[in-house]
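K.L.:
My questions will all concern the structure given below.
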Amino acid sequence: MSARLAAAGDPAALLKAALARAPQPGGKAFARVLRGLSDLVLANAALRERLAEQVQLSSSLEMAADLQQSLQPQCTAGHQPIWGVNLPARKLSGDFFDFYRLDEARIAFALGDVSGKGLNAALLMAKTISLFRCLGKRIDAPGELLEAINAELFETATRGMFVTMVAGHYWLANGKVCLANAGHQPPLLRRRDRSYASFEAAVPPLGMLPQNRPPEEHIDLDGGELYVFSDGLTEYRYESGEELGVEGLILLIESLAEAPLAQRLEALLATLDQDGGWEARDDLTVLAIDDAWVSAEAGVEAPALRQEAP
């Protein structure tokens, strides 16, 4: 009976009609039992309805998560000098990364973090990564590209939502990178001598101001590596409350430096959780460029591949 009621538009009306057709022996005791059974049937019907809604929502979230994954690079790990990984804290992620070949000489890349959680953040993430793909193929300068994305987000973003984002170009032939940073975590350059440099954002996140063009940084990787990551990574915590922080991230990078790039990034996230003592409070996303990969694949020393800066 409760299954029939759960499928009905008005379960109370259906139950009332059924009881009206049933034999009525009479008596207060019988009436009390009947009311109790009626309440139980209606409660079961409501429970079934909520369960059906949750199953449908879970299915929708699974589809949305699959769609999110399809928006990120679909290529084979290890076949290029750039790679990224994303580990959502929940079903849907507000973080994203992307990269693609602009031409034979350059790879475009980006990593971003949408404010907030849930479906709204996931939708804004999908819009931002789509804008990066679309506008990035006709706007050549990373700073100008982020300015154009900002204009679109400022017009349409609601509830005070915004996006921190790094976008750039990597030149395969000479190891140069040009990047722009809008309110995002400072990317890390790991030089060949194992020293590090970072690149702070000079403008606020995208979607907050009508005009917002970040300056461009020109970086010579020179056989080193560039790491771009979301704040969920550096804010990852031990149970004691201790944060990983940038220093902790550098220690992890150094401990995994000999592994191939894709394996290195996967192992980085796996290492954090190997003792079960860490707690992910936010999405974890990291993208890296390994400039030494180019010379290793070509079988020559890095200086032989270096050319003048673009």
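K.L.:
Grab the beta carbon distance between Ser240 and Leu123, set R0 = 35 Å, and tell me the FRET efficiency rounded to 0.05. Numbers along the way, then the final one.
P.N.:
Values: r = 36 Å, r/R0 = 1.02.
Given R0 = 35 Å and the Cβ-Cβ separation, E is 0.45.
K.L.:
Given H placed on each backbone N at 1.01 Å, which residues far from Leu284 in sequence or on other chains put an amide H within less than 5 Å of it?
P.N.:
So Leu284 has HN proximity to Leu87, Ala89.
K.L.:
Here is a follow-up. For Ala105 paired with Asp222, estimate the spin-label separation in nm (one decimal), with each label point 7 Å from Cα along the Cα-to-Cβ line.
P.N.:
Going by the 7 Å Cα→Cβ label model, 2.2 nm.
K.L.:
To continue, here is another question. Rounded, prolate or oblate for the range 185-293? Axes are the square roots of the Cα gyration tensor eigenvalues, ordered a ≥ b ≥ c, and the cut-off for rounded is a/c under 1.5.
P.N.:
Values: a/c = 2.20, a/b = 1.16, b/c = 1.89.
Cα axes put the range 185-293 in the oblate bin.
K.L.:
Right, another one. Shape verdict for the range 85-160, please, from the Cα gyration tensor: rounded (a/c under 1.5), prolate (a/b greater than b/c) or oblate. Present the calculation step by step, with values, prior to reporting the outcome.
P.N.:
Numbers: a/c = 2.96, a/b = 1.41, b/c = 2.09.
Cα axes put the range 85-160 in the oblate bin.
K.L.:
Using the Cα centre of the range 186-253 as the reference point, and only Cβ charges (+1 on K/R, -1 on D/E), how large is the resulting charge dipole? Debye, rounded to the nearest 20. Intermediate values should be presented prior to the final figure.
P.N.:
Details: 6 positive and 13 negative charges, 33 e Å.
Dipole about the Cα centre, nearest 20: 160 debye.
K.L.:
Given 0.36 nm per residue, what is the gain on full extension from Glu200 to Ala173 after removing their alpha carbon distance, in nm?
P.N.:
Working: separation 27, 0.36 × 27 = 9.72 nm, distance 2.60 nm.
Between Glu200 and Ala173, full extension yields an extra 7.1 nm.
FYI, it's all coordinate maths here, none of it is from the lab. Keep in mind it's a predicted model, so treat the numbers as computed, not measured. Using ideal geometry, Cβ is built from the backbone for each residue, glycine included, and neighbour counts are taken over all protein chains shown.
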